[in-house]
1. Hey, if we sort GLU64, GLU38 by accessible area with the 1.4 Å probe, largest down, what's the order?
2. For GLY78, what residues show an amide H to amide H distance below 5 Å, using hydrogens built from the backbone and excluding near sequence neighbours?
3. How far is it, in nm, from the label point at ARG71 to the one at LYS46 when both lie 7 Å from their Cα along the line to the Cβ?
4. Describe numerically, in nm with one decimal, the distance between label points set 7 Å from Cα along Cα→Cβ at ARG61 and at VAL39.
5. Hey, what do the phi angles of region 49-62 turn into as Karplus ³J(HN,Hα) couplings, whole Hz, using 6.51/-1.76/1.60 and θ = phi - 60°, x for Gly and Pro?
Amino acid sequence: MAHHALASQESYNPNHLLDILLGKMQLKNDAALSRMLEVAPPVISKIRHHRLPVGASLLIRMHEVTGMSIRDLRDLMGDRRTKYRLSDAQGRPKASEEKPAAPDASTSGNYAH
């Protein structure tokens, strides 16, 4: 299975982050961590083996559980990026999501009693 792009950074080490969380939360293993974070155990395993990045939703959950800042959590795993690049397609409406035409003035609000 291919590694994700963030794994190519030399400083990226999600294991360090996971190990710190285990210690901070006084948990015995990754299964307990997955229960605490409310994710499936294979998610933690895939992160440890650099097959899955620590995504935004998981970072937010780690923040909620530990009270640590997102910046501190990212620093612990060696994610030193300061900017994120979004694809050109993100945020652009799909062709099928065109706005409906405005209602005709003759039919809006003018009802005969």
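1. Values: GLU64 115, GLU38 140 Å².
Solvent-accessible surface, decreasing: GLU38, GLU64.
2. Sorted by chain and number, the residues that satisfy this are ASN13.
3. 3.0 nm
4. Inter-label distance under the simple model: 0.6 nm.
5. Once θ is set to phi - 60°, the couplings for region 49-62 become 9, 6, 9, 9, x, 6, x, 4, 5, 5, 4, 5, 5, 4 Hz.
The values are calculated or read from the model by the stated rules, or taken from the named source; none is laboratory data. Everything quoted here is computed from the prediction, not taken from an experiment. Don't worry about glycine lacking a Cβ; one is built from the backbone with ideal geometry, like all the others, and counts go over all protein chains shown. Ligands, DNA and RNA are excluded from the accessible area calculation, which covers all protein heavy atoms including side chains. Shrake-Rupley method; radii C 1.70, N 1.55, O 1.52, S 1.80 Å.
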